[in-house]
Amino acid sequence: MNNPNLIQYIEQHRAQYTREAIDKQLLDAGYSRADIDAAWNEIEAGATGEQAVPPPAVTQSSQQLPPTQQRRLLATPVFWLGLFGVLVLQYGIAALFFPAINYENGSSVFVPIVGVLTCGVPIALLIAGSLLLKSNRPLALGLLYGLLIFDVIIPFIGAIIIFGICVASLSGV
Amino acid sequence: MFPILYQNGPFILYTHDLFTSLGLLAGLAVYYFELQRRNMLSHQIFWISVAAILGGGIGCRLITAWEHPAYYTSISSVPLSYYIAHSGKGIIGGIAGGYLAIVLAKRAFGYTISTGDCYAPAIPLAMAIGRIGCFFSELPLGTPTNLPWGMTVSDAAIAHFQVCPYCYEKMHPSMIYEIIFHLVALLLILRFRHLVMVRGDTLKLYLLASAIFRFLVEFVRGNTEQIAGLTGPQVVLIPLTALLVYHFVRQWRRGVYRMPPAPLAAGVYAPSEADLRARLTTDIHIAE
């Protein structure tokens, strides 16, 4: 059991000060490095058991993963591969063909290709993500989170709300 | 000067876009490593990070919109997405937009831990890599100069640009200045960040230094002057820099930089005045 003064001091100041600064004050006050590290481990283990450090105001739903499982998921390369794979497929390939689309006369062989990529790829990824949920959960969650971010949140907020409203007001529509 | 890195028929790979993407990926990788090192990975950090990227993307577009409103009011026959893809972008707006998005997302989640220190090494690395793309794809490089390191460009490179003032003279390599600054900043952050006592101050110190440096570099950058002889980025940097200075002044006045001492460990006593005087006398005798 660590010195309660030691633990209290760390808990009081860790939201504002860095660990190095707190450790320096404790070392200057005569605490040993071993005691300081043990106190930090005790505080982080106690906070990790319930919520993130420090405990933010989060309501736990039945669908939410425990914090340790969340960290494991985010530490999985496959999750990030799925997430950024969606980004590459959705925006990267379309961007490569975008300069070839001729807006002056409205015709280009690449318009239907971009159309297929824009509409077909999200559907395919949604199906793939749903099917992979049981067999490869990190990849599936990466794909599904990627679809949510790049096909729902980004287009809605960036293109419709911000640019739509600003442009409409400037052009007097 | 290579504005187009690779072209095969309709397939075009732009130099600027490639290096911007590489910089963003490198920055995200460093950011992820910092989160993992500090044991801060969680679903809240994930969504806060997504908000940062969104805010950065929106901010980098909006920051330049005021410089050419006619461009946006002329929208009529082409899709909005075309204007979004071909409008100007500004990294200052990207950083400011991302910062604001993080503040709002953290309030929404009730997340109180400072995350700035995780971004501190990521942003200068991303900036340095991104600026390589700018150096290879933008003209003019800077205003004319007679300094020994002034750079000239070939006629073939100039031909890529419809308007290119100063291009037939030796120019300040302003992007090189910025690349050097960000690399030095990265090294200083990695070497001395343990000395910064307040969470988040490492990032704010970097942003303040970066803002001041960018303000000065703009005098040799060759950008169009907007108001009172100042370029668009300079005009925007004034209030942003003022906010950062206000933050540090407010922290200092609230005594944040005088960290409260820790309670003494058991068996350790605070030396009395007599003890200190005796120790000082002993030290003087030893010195003599």
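The values are calculated or read from the model by the stated rules, or taken from the named source; none is laboratory data. As the structure is a prediction and not an experimental result, all values here were calculated from the model. Virtual Cβ from ideal backbone geometry, glycine too; neighbours counted across all protein chains shown. Only protein heavy atoms, including side chains, enter the accessible area calculation; ligands, DNA and RNA are left aside. Shrake-Rupley method; radii C 1.70, N 1.55, O 1.52, S 1.80 Å.
Points to keep in mind about this one:
- Qualifying residue in segment B:158-171 (condition: buried (at least 22 other Cβ atoms within 10 Å of the Cβ) and touching a Leu at 6+ places or on another chain (Cβ under 6 Å)): yes
- Residue pairs whose Cβ atoms lie under 6 Å apart, sitting 6 or more positions apart in sequence or on different chains, and linking a residue in segment B:3-19 that is more than 8 Å from chain A (Cβ to nearest Cβ) to a partner that is among the polar types (S, T, N, Q), are B:Pro3/B:Thr15; B:Pro3/B:Ser137; B:Leu5/B:Thr15; B:Thr15/B:Ser137; B:His16/B:Ser137.
- Yes/no for B:Ile189 being surrounded by 14 or more Cβ atoms within 10 Å (Cβ to Cβ), of a type in the set (A, V, I, L, M), over 30 Å from A:Ala21 (Cβ atoms) and touching a helix residue (DSSP H, G or I) at 6+ places or on another chain (Cβ under 8 Å): no
- Whichever residue in segment B:117-156 is of a type in the set (Gly, Ala, Ser) and surrounded by fewer than 19 Cβ atoms within 10 Å (Cβ to Cβ) and, among such residues, is modelled with the lowest pLDDT: B:Ala156
- Residue count for segment B:1-37, restricted to those that are surrounded by fewer than 16 Cβ atoms within 10 Å (Cβ to Cβ) and modelled with pLDDT of 85 or more: 6.
- Segment B:7-28, residues that are assigned to a strand (DSSP E or B) and farther than 18 Å from A:Val88 by Cα: B:Gln7, B:Asn8
- Condition met for B:Tyr206 (among the hydroxyl-bearing types (Ser, Thr, Tyr), free of Cβ contacts under 8 Å to residues at least 24 places away in the same chain and more than 14 Å from chain A (Cβ to nearest Cβ)): no
- Filtered by the rule that a residue be free of Cβ contacts under 8 Å to residues at least 40 places away in the same chain and buried (at least 21 other Cβ atoms within 10 Å of the Cβ), segment B:42-57 gives B:Ser42, B:Ser49.
- B:Glu225 being in contact (Cβ under 8 Å) with a residue 12 or more places away in the chain and closer than 27 Å to B:Trp149 by Cα: no
- Residue in segment B:25-61 that is nearest to B:Lys89 (Cα to Cα), counting only those that are touching a Leu at 6+ places or on another chain (Cβ under 8 Å) and β-branched (Val, Ile, Thr): B:Val30
- One residue stands out among those in segment B:231-277 that are within 12 Å of chain A (Cβ to nearest Cβ) and open to solvent by 90 Å² or more (accessible area, probe 1.4 Å): the one that is modelled with the lowest pLDDT, which is B:Tyr269.
- Sole exception among (1) part of a loop (DSSP other than H, G, I, E, B); (2) away from chain A (no Cβ under 14 Å); (3) among the hydroxyl-bearing types (Ser, Thr, Tyr) for B:Tyr99, by number: (1)
- The set of residues in segment A:1-31 that are open to solvent by 30 Å² or more (accessible area, probe 1.4 Å), facing chain B (nearest Cβ under 8 Å) and over 18 Å from B:Leu195 (Cβ atoms) comprises A:Asn3, A:Asn5, A:Ala15, A:Gly30.
- Meets criteria (facing another protein chain (nearest Cβ under 10 Å) and either at pLDDT below 80 or not in a loop (DSSP other than H, G, I, E, B) (or both)) for A:Ile127: no
- Segment A:136-157 - residue that is farther than 21 Å from A:Leu73 by Cα and at the interface with chain B (Cβ under 10 Å from one of its Cβ atoms) and, of those, surrounded by the most Cβ atoms within 10 Å (Cβ to Cβ): A:Ile154
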